[in-house]
Amino acid sequence: MQFTSSSIGRKILMAITGQAMVLFAVVHLLGNSSIFGWLNGGINAYAEHLHSMPLPIIMGFRLVLLAIVCVHIWFGIQLTIENRGGRPQEYAVKSTQKATFASENMIWTGSLLALFLVYHLAHFTFQVINPETAALSNLVPLHDMMVPNVMGMVVAGFKNFFVSFIYAGAMVALFLHLSHGIQSFFQTMGWSCDKSQPVIIKVGTLVALGLFLGYVTIPLTIFAGILKG
Amino acid sequence: MSDHKTMTLTLIVWRQKSANDPGKFETYTAKNITEHHSFLEMLDCVNEDLIHADKDPIVFDHDCREGICGMCSQIINGAAHGGQERTTVCQLHMRKFKDGDTIYIEPWRARAFPIIRDLIVDRSALDKIIQSGGYTSCHTGGVADGNAILIPKAVADEAMDAAQCIGCGACVAGCPNGAAMLFTGAKVSQLALLPQGKGEASMRVKNMTKTMTECGFGNCTNHYECMAACPKGINVKFIARMNREFLKAQFA
Ligand code: HEM
Ligand code: SF4
Ligand code: FES
């Protein structure tokens, strides 16, 4: 049987693409945290550093990420549809013992993340949500050159309650998705046993919590006026 | 008998004449039940009353009544085998209930387990999984030859833990996706761990998981409900081991 039509094979593809996105999320957060000033020049310098890479590398990276997201969404929807029919009729009494809110709602938290992804790219990558604060059209000096004002764009965005709210809400979805997803990755890859699994579940939830706290701090501190432009 | 307090219980039981009948819940009263009755003996009492009243008895699967054959199969108040840890329905006793309780009794519900009648479902899909690879075809010799193959105790113990599976299907019934990963994982692991089974390990895991999908079982999403439902305490580490075997088999 083809890997991509088998039950475990598709699960493995979901797990690898999911975990690749987790790695991306960790690196993305580390980069974004330059907004708090630990890098000389802040997030503007970090953004400039990324954009000064050769175009083929940037586009290649974006294409790989896009492919990863597509594979994850494709099999996520396919497996969920198959599984919905796995128990044709629900039991009269619902008595769930081990499943969690997070594990039962992966498709919904995942869908929220997909919607958020579109919004987030439109907001900060394509910069079409608030064109007047778009970084690409507002250059500021950095060292001895003029660079896009990413800091200004982010701060202007998160001063708005609804924008901050959307980001914070999406991060709740991310926390739920990953509190199940990270440990699920290890189980699906077969990298867990009865002794390691309880630890993996705890650490996975902690990593999900860390990502949640790290990401929400940015809109939160800006909206509260602690982090200023 | 006089010093035995008895209980009266309300049973809400799934009744279905055949696979094509839509089925519905019926309410019955179980009278004169003592705490020493097993759950199946309690149903025997109800069935006797039904027969005396010229009604159809409740049809349910059972055989050994000592927790080893895997025939008994009921969802009791939403939990497979009644939800008591490591207990089959036949080993569940009425002391777990109290006078006046209302108990819902349903059949295993899964796409791959069509209902035959009332609480009996067709579990032959599990046999199909076994037929597609749950065996070894190499000559293993007589008893003495078996003892000549040295197997470290830890490995033998692990294989025995997997071999505890009695094929009842509670894992499928407990899984929201109707997946058979715990059953198949236990069978794949039990053989893959031992030298006699290693030779065919990659063919086995590919074929058994393929049959699993063909029979209409769902895919695992790691809820671990199967492990909570299993009367033999089969651990989901055997699903992880099967996933590992599956990955290995891609390169074999
Ligand atoms: C873009 C929209 C997304 C959708 C529609 C989606 C949907 C799903 C679904 C249905 C599952 C399977 C649930 C299960 O088997 O338990 C899953 C698993 C997973 N997801 Fe997502 N997800 C999305 C985004 C993400 C993102 C952004 C990340 C990481 C930052 C992520 C990480 C994971 C991980 C690690 C798993 C566990 C893999 C496994 O099943 O073993 N997902 N996702
Ligand atoms: S793994 Fe447990 S629940 Fe599943 S068939 Fe075997 S004994 Fe029954
Ligand atoms: S009747 Fe044999 S295990 Fe219950």
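Derivation of every value follows stated rules applied to the coordinates shown; laboratory data play no part. Small disclaimer: the values here were computed from a predicted structure and weren't measured. FYI the Cβ positions are ideal-geometry reconstructions off the backbone, even for glycines, and counts take in every protein chain you see.
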### Summary
Along principal axes, largest first, the alpha-carbon spread of chain A in whole Å comes out as 64, 39, 34
### Task
Give the distance, in whole Å, between the Cα centre of the range B:134-171 and the Cα centre of the range A:159-223.
41 Å
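Report the Stokes-Einstein translational diffusion coefficient (µm² s⁻¹, integer) for the protein assembly as shown, Rh taken as the Kirkwood radius over Cα pairs, at 10 °C with viscosity 1.306 mPa s. List each step's numbers first, then the result.
On the way: Rh = 25.8 Å.
Roughly 62 µm²/s, to the nearest whole number.
By the scheme Lys and Arg +1, Asp and Glu -1, what is the net charge of all other residues having a beta-carbon under 11 Å from that of B:Cys72? Walk me through the numbers before you get to the answer.
On the way: positive: B:Arg65; negative: B:Asp61, B:Asp63, B:Glu66.
With Lys, Arg at +1 and Asp, Glu at -1, the neighbours total -2.
What number does the range A:75-193 give for Rg over Rh if you use C-alpha atoms and the Kirkwood radius? Write down the numbers at each step before the final one.
Numbers: Rg = 20.6 Å, Rh = 17.7 Å.
Rounded to two decimals, Rg over Rh is 1.16.
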### Query
Mind checking the dipole of the range B:7-116: about its Cα centre, +1 per Lys or Arg Cβ, -1 per Asp or Glu Cβ, Debye to the nearest 20?
380 debye
### Proximal charge balance of B:Ile105 [Cβ under 11 Å; K/R count +1, D/E count -1]
-2
### Task
Tabulate in residue order the Karplus-calculated ³J(HN,Hα) for the range A:180-185, using 6.51 cos²θ - 1.76 cosθ + 1.60 with θ = phi - 60°, rounded to whole Hz; enter x for Gly and Pro.
8, x, 5, 5, 4, 4
### Query
Which one of A:Leu50, A:Leu65, A:Leu13 has the biggest mean-square fluctuation once chain A is modelled by GNM with Cα springs under 10 Å?
A:Leu50
### Query
Cα to Cα, under 17 Å, and not fewer than 8 places away if on the same chain: which aspartates and glutamates meet these conditions relative to B:Lys31?
B:Asp3, B:Glu41, B:Asp44, B:Glu48, B:Asp49, B:Asp99, B:Asp101
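May I ask for the equivalent-ellipsoid semi-axes of the range A:138-229, computed as the square root of five times each C-alpha gyration tensor eigenvalue and listed largest first in whole Å?
Working: eigenvalues 272, 51, 20 Å².
Sorted largest first and rounded, they come to 37, 16, 10 Å.
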## Note on the structure
For the range A:148-160, in residue order, the Karplus 3J(HN,Hα) values (coefficients 6.51, -1.76, 1.60; θ = phi - 60°; whole Hz; Gly and Pro = x) are x, 8, 5, 3, x, 5, 5, 5, 4, x, 7, 5, 7
### Message
Compute the distance from the alpha-carbon center of the range B:24-66 to that of the range B:206-229, in whole Å.
### Response
32 Å
## Note on the structure
Rounded to two decimals, the Debye log10 I(q)/I(0) of the range B:7-116 (Cα scatterers, no solvent) at q = 0.14, 0.15, 0.18, 0.23 Å⁻¹ is -0.54, -0.63, -0.93, -1.51
### Summary
Expressed in angstrom and ordered largest first, the alpha-carbon extents of chain B along the principal axes are 62, 41, 32
